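S.K.: There's a structure below that I have some questions on.
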Amino acid sequence: MTQPALAIVTGAYGNLGRAVVARLRADGLRVAELDRPHLVLDGKQIAEVDLADGADVRRAFAALLPAGTKLTAVVHTVGTYRAGGSLVDVADTEFLDLFQINVMTTLHVVQAALSIMLPQRSGRIAVVASLDALSGVAGQAAYGASKAAQLRMIESAAADIRGTGVTLNAVLPNTMDTPQNRAAMPNADPASWVKLEEVANVLGFLVSDAASAIHGQALRVEKS
């Protein structure tokens, strides 16, 4: 019996990750769920994965793919937000931690995905970045720098692989409507925030065949 095409979602048990998993399954994909540190497929733990270790991530991805299995899509949702204060006050440890989570995990996941997809000459990768990658914001020097570095890395990698049959794109959501954001910003109007399902729908589109001609893009996801 032929298995559905395989997708990997990182941060699969987070707010956005759960919405992405649901969207991809609705689209008929078989989804492997990666969330600190477990990689799970069909309810079975395949491996433990340390996203800080690139070789570990590649080994875990390869473990999902017995002969004949095709990796169709990878959606990387792992990241963190911390304002961190002004550049004058931010500690080295805070700066490096944000780069570890937002940049290095992206590097390792994209490298692992490409190690499989480039030989296939097909596949779709979508990464969650942030609108804060586009310009500096007061009090967010470390966070903004990490997201800008993440986005430039994705754009450069997309240029590297143009013409290979693999697509690589980013989405840049504004504030997402999550329980945590509502608690942190009780005076804000969540009607102006994007819903998790809206972001998941964009990610689902980017890793579908319908988006085969979209590559190296950073798509803003925000309310009009």
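S.K.: Among the listed residues Thr80, Thr106, Thr72, identify the single one that is among the polar types (S, T, N, Q), within 22 Å of Val21 (Cα to Cα) and either touching a Pro at 6+ places or on another chain (Cβ under 6 Å) or exposed (fewer than 14 other Cβ atoms within 10 Å of the Cβ) (or both). Spell out the reasoning first.
M.R.: On the way: Thr106 fails: either touching a Pro at 6+ places or on another chain (Cβ under 6 Å) or exposed (fewer than 14 other Cβ atoms within 10 Å of the Cβ) (or both); Thr72 fails: either touching a Pro at 6+ places or on another chain (Cβ under 6 Å) or exposed (fewer than 14 other Cβ atoms within 10 Å of the Cβ) (or both).
Residue meeting the stated conditions: Thr80.
S.K.: Still on this structure: Report the residue count in segment 201-224 for those that are in a loop (DSSP other than H, G, I, E, B), within 24 Å of Pro190 (Cα to Cα) and of a type in the set (A, V, I, L, M).
M.R.: Going through segment 201-224 one residue at a time, the tally reaches 0.
S.K.: Restricting attention to segment 169-194, and to residues there that are more than 18 Å from Asn15 (Cβ to Cβ) and surrounded by 19 or more Cβ atoms within 10 Å (Cβ to Cβ), which single residue is farthest from the chain's Cα centre (by Cα)?
M.R.: Asn169
S.K.: Taking the condition of being surrounded by 22 or more Cβ atoms within 10 Å (Cβ to Cβ) and in contact (Cβ under 8 Å) with a residue 40 or more places away in the chain, how many residues in segment 20-34 meet it?
M.R.: 3
S.K.: Helices (runs of 4 or more DSSP H) wholly in segment 63-168 with at least 3 residues that are touching a helix residue (DSSP H, G or I) at 6+ places or on another chain (Cβ under 7 Å), within 16 Å of Thr10 (Cα to Cα) and at pLDDT 95 or above - which ones?
M.R.: Once the helices (runs of 4 or more DSSP H) in segment 63-168 are filtered for at least 3 residues that are touching a helix residue (DSSP H, G or I) at 6+ places or on another chain (Cβ under 7 Å), within 16 Å of Thr10 (Cα to Cα) and at pLDDT 95 or above, what remains is 105-120.
S.K.: Does segment 182-190 contain any residue that is of a type in the set (Lys, Arg), at negative phi and without any contact (Cβ under 8 Å) to a residue 12 or more places away in the chain?
M.R.: Yes, segment 182-190 contains a residue that is of a type in the set (Lys, Arg), at negative phi and without any contact (Cβ under 8 Å) to a residue 12 or more places away in the chain.
S.K.: Turning to a different aspect of this structure: Whether any residue in segment 169-190 is more than 23 Å from Asp97 (Cα to Cα), modelled with pLDDT under 95, part of a helix (DSSP H, G or I) and touching an Asp or Glu at 6+ places or on another chain (Cβ under 9 Å) is what I want to check.
M.R.: yes
S.K.: I'd like to know if segment 136-150 contains one or more residues that are touching a Lys or Arg at 6+ places or on another chain (Cβ under 8 Å), in contact (Cβ under 8 Å) with a residue 24 or more places away in the chain and buried (at least 18 other Cβ atoms within 10 Å of the Cβ).
M.R.: yes
The values are calculated or read from the model by the stated rules, or taken from the named source; none is laboratory data. This is a predicted model, so every value here is computed, not measured. Using ideal geometry, Cβ is built from the backbone for each residue, glycine included, and neighbour counts are taken over all protein chains shown.
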